[in-house]
Amino acid sequence: MKFRYQARTQGGELQVGFVEAPNKKTAIGILASHNLFILSITETERRGLESQLYALLNRIKGKDLMIFTRQFSTLLSARVPLEDALRTLIKQTRNPILQEAVISVSDDVSSGLSLSQAMGKQTGIFSEFYANMIAAGEVTGRVEEVMGFLADYIERSVTLAGRVRNALIYPVIMVLLFVVVGVIMGTMVLPQLGAVFVQAGAQMPTITGWLIVGGQLMAKWWWIILLALSVFVVSILDYLRTPEGHTVYDEFVLRIPVFSNLLKEMYVARFAESLAVLIRGGVPIAQALEVTARTIGSRVYEEILLRTADSLRKGELLSQALFREYKYFPQLVGQMIAVGESTGRLEDLLLRVGTFYNREVDDAVDTLVEAIQPLIMIIIGGLVGLLFASILIPIYSLVSVIGQQ
């Protein structure tokens, strides 16, 4: 178990940190053995359902991480020492989960770990991309510049996610209402209609029969259906967390017609900006490509960039290697990089590529947001029409049969 404590040393200095122990009493004993006067000690780890509920209620929002990163970048740009900057951020951070993570990072940095290593331990807070970019900044001596890049990147991501979320609110409400109405009709209304058909000796339309059977199954075996769906979803999520599952997922999403170009442009922009930051810091291009491969966030692009790094070590130009990967890197990228290689301004051209494709991503998201609502409403309208047709058509047929009798 993990406990967060506040204590004072024999010299009166306030000390805040975490201690791991099987129980609270043992934790107090550990702290007392270090000559600490304990002010408070609380358990931070929760298990089972309580842990999941606590994490849900206190999750890290993108906005919280963006503000933290922007403040961190500002402090480092002002030449504030790293440990002092972390202590300042502990006081300014309002989200309790993020604050605990920053406290742990501060403690680890004080004990001798690098910033990237300390952040890498907080896997639930700082992504692999985040920690690897910090590591790249440490290699180049430009951590403050990398922090600025991360702050801009997270801000763009938060803005895009907010726009998509706002566009989906109304369609999602309509989908939920349709599901509720469909369940009520399938489990309560249609079965009674089926009984009337049996009594009248009339033939029931095929679609109505399917809906009645589906409603009866749902009403009788809903708990089995819910359990099966839960097991299926959990199994899929566990598989996607494996390296193989991650690769399969990345390959799949890059083949989805609507989202394929959007994701490729996003990865190209991330590649160009990350590589520019590393080259500006004096990292050799082949090594910079390997670091970028670990930060790009896609196993497909990671494999491509690692192959490209091997090609560069064999004497090939970066532009030539990227021209071969035309399915994932547009020809424009290779052309711009070729100009940068010939003029000695590779870093500047990469930044222009990143800016261009960030704008393309913004435009694509705007188009997608504008198309989502009418598309979903058309689909819902068709489903609603189908649902009511399954009720009205049999009623009309039943009236006709009764009239003939």
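The values are calculated or read from the model by the stated rules, or taken from the named source; none is laboratory data. Quick caveat: nothing in here was measured; it's all calculated off a predicted structure. Methodologically, a virtual Cβ is constructed for each residue, glycine included, from the backbone with ideal geometry; neighbour enumeration extends over all protein chains shown.
Within segment 59-82, the set of residues being of a type in the set (K, R) and not in a helix (DSSP H, G or I) comprises R59, K61, R79.
Listed here are the residues, each with its yes/no results for (1) under 22 Å from the mean Cα position of the chain (by Cα); (2) in contact (Cβ under 8 Å) with a residue 24 or more places away in the chain; (3) closer than 19 Å to L254 by Cα.
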site	(1), (2), (3)
F271	yes, yes, yes
G282	no, yes, no
Q287	no, no, no
E290	no, no, no
T295	yes, yes, yes
L318	no, yes, no
L346	no, yes, no
E360	yes, yes, yes
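Among the residues of segment 88-109, those identified as of a type in the set (D, E, K, R) and surrounded by 16 or more Cβ atoms within 10 Å (Cβ to Cβ) are E100, D107, D108. Is it true that some residue in segment 190-200 is at positive phi and at pLDDT below 75? Within segment 190-200 (the criterion being at positive phi and at pLDDT below 75), the answer is no, since none of the residues qualifies. On the basis of being farther than 15 Å from L150 by Cβ, in contact (Cβ under 8 Å) with a residue 60 or more places away in the chain and either part of a helix (DSSP H, G or I) or not assigned by TED's automatic domain parsing to the domain that holds I125 (or both), does I90 make the cut? Against the criterion (farther than 15 Å from L150 by Cβ, in contact (Cβ under 8 Å) with a residue 60 or more places away in the chain and either part of a helix (DSSP H, G or I) or not assigned by TED's automatic domain parsing to the domain that holds I125 (or both)), I90 qualifies. Those residues that are touching a residue at least 24 places away in the same chain (Cβ under 8 Å), among the β-branched types (V, I, T) and in a helix (DSSP H, G or I), I need them from segment 123-143; list them, please. Selection gives V139, T140, V143. Of all residues in segment 297-316, those satisfying the criterion of being assigned to a loop (DSSP other than H, G, I, E, B) and surrounded by fewer than 22 Cβ atoms within 10 Å (Cβ to Cβ) are G297, K314, G315, E316.
Being of a type outside the set (S, T, Y), free of Cβ contacts under 8 Å to residues at least 12 places away in the same chain and within 30 Å of L176 (Cα to Cα), is that true of even one residue in segment 327-338? The answer is no; no qualifying residue exists. Going by what's in this entry, would I173 be described as assigned by TED's automatic domain parsing to the domain that holds V361 and not basic (K, R)? So I173 passes the test. One residue stands out among those in segment 110-140 that are within 13 Å of G281 (Cα to Cα) and at pLDDT 80 or above: the one that is surrounded by the fewest Cβ atoms within 10 Å (Cβ to Cβ), which is E138. When F329 is tested against (1) at pLDDT 90 or above; (2) on the phi > 0 side of the Ramachandran plot, exactly one condition is not met: (2).
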